[in-house]
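No value in this document is a laboratory result; all are computed from the given coordinates. As the structure is a computational prediction, the values presented were derived from the model and not from experiment. Cβ placement follows ideal geometry from the backbone for every residue including glycine, while neighbour counts extend to all protein chains displayed.
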Amino acid sequence: MSDITNEADVRELGTPTISQLYGKSVGKAASRKRAKRLEVTSEGRRAGVGTYAALIVCILIFLIPLYVAVSIASQNSSATQYGLQAMIPGQSLLRNLGRAFGAMKFWEALSGTFLVATVVSISTVFFSTLAGYSFSKLRFRGRGLLFMLVVATMTIPQQLSVVPLYIMANKAGLFGSLWAVIIPGLVSAFGVFWMTQYIQDALPYELIEAARVDGCSMFRTFLHVALPAARPAAAMLFLFTFIAQWTNYFWPMLILGPNKNKMLTVAAATLKGAYFTDYTIVMSGVVLTTAPLIILFFFAGKQLVSGIMAGAVKG
């Protein structure tokens with residue numbers, strides 16, 4: 001066994017071949033020896049001290065702003081909201097959260113934000129998947145040019161479209177309405193690009209041809225074949241769009257007008273005073289706005305990561 005399981009034999013024959021020739025026990029021994037020598041696990045090379053240190057630094061970079069927000073929100077008075085005193089958590093977190101809760105009209109803002117994020121996310125996933133299926137699996141004249149134009153719109157900054165969008169929404173009588181926030185986000189160029197690239201590799205033509213032979217129309221083929229195949233990427237796109245709409249501030253702040261309490265991000269901004277800003281209340285509003293997203297990621301984080309990995313690995 002010692003001759004069979006040396007590194008040269010394992011590298012030349014491979015563990016599966018050794019298992020077939022000499023038995024599973026010899027194959028497992030060869031695999032363990034090779035893994036020990038290369039210092040790898042079944043998931044890849046073992047992480048060293050430097051890797052863990054880099055991960056800890058990244059985690060701290062993302063957690064420190066949240067800690068600062070919670071710490072300031074817990075201060076006992078506005079006098080301790082600045083300097084090093086703000087880094088030491090106080091004892092008034094619940095009281096400040098309650099004050100921000102009432103000032104923001106939290107339930108109204110939460111329901112409006114949830115409505116916008118849910119409608120926009122569902123619409124983006126459906127239309128992006130439909131467009132991605134068309135661009136990747138259907139043959140029609142001008143397909144490449146149309147796809148290039150869709151991708152090119154991703155290079156246009158959002159600020160350039162604000163003025164025409166504002167004029168159109170105002171003329172349509174949507175100023176101050178949540179529909180003015182929902183309609184511009186019903187589909188996204190990134191979603192079309194993402195779903196096109198995923199469906200192109202994940203959905204073989206044989207499945208489409210089999211569905212058409214069974215009598216499915218083009219749209220039924222999309223619903224029963226393409227949509228289930230694109231589920232991992234669609235889940236990722238839904239969560240990313242949901243988070244983007246939940247944290248959207250610039251456009252809702254402009255178009256909602258006097259109805260700023262209809263979305264959490266804009267409602268939290270109204271906590272800032274005209275002459276003096278009590279950041280203990282402002283940071284309490286930030287905590288109330290962020291908490292639902294943290295809860296969402298706690299339950300859906302695994303699906304988000306699997307969707308990203310499924311979309312990133314081809315073949």
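Some values worked out for this structure:
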quantity	calculated
Inter-probe distance in nm under a simple model that places probes 7 Å from Cα toward Cβ, at Phe298 and Tyr82	3.5 nm
Spacing of the two label points (7 Å from each Cα toward its C-beta) at Ile243 and Cys58, in nm	1.3 nm
Spin-label pair Phe101/His224, simplified geometry with 7 Å Cα→Cβ offset, distance in nm	5.0 nm
Mean-position separation - Cα centroids, the range 242-293 and the range 84-150, in angstrom	14 Å
Ser161-Gln200 FRET efficiency (beta carbon distance; Förster radius 35 Å; 0.05 resolution)	0.80
Estimated FRET transfer efficiency when R0 is 30 angstrom, pair Leu138-Leu186 (beta carbons, to 0.05)	0.90
Potential lengthening between Phe114 and Phe276 on full extension [0.36 nm per residue; Cα-Cα distance subtracted]	55.2 nm
³J(HN,Hα), Karplus 6.51/-1.76/1.60, whole Hz, each residue of the range 184-197, x for Gly, Pro	x, x, 5, 8, 10, 5, 5, x, 5, 4, 4, 5, 4, 5
Pair-distance profile P(r), taking every C-alpha pair of the range 100-312, with 10 angstrom steps and integer %	8, 28, 30, 21, 9, 3, 0, 0
Check: the range 100-312 dipole with +1 on Lys, Arg Cβ and -1 on Asp, Glu Cβ, in debye	320 debye
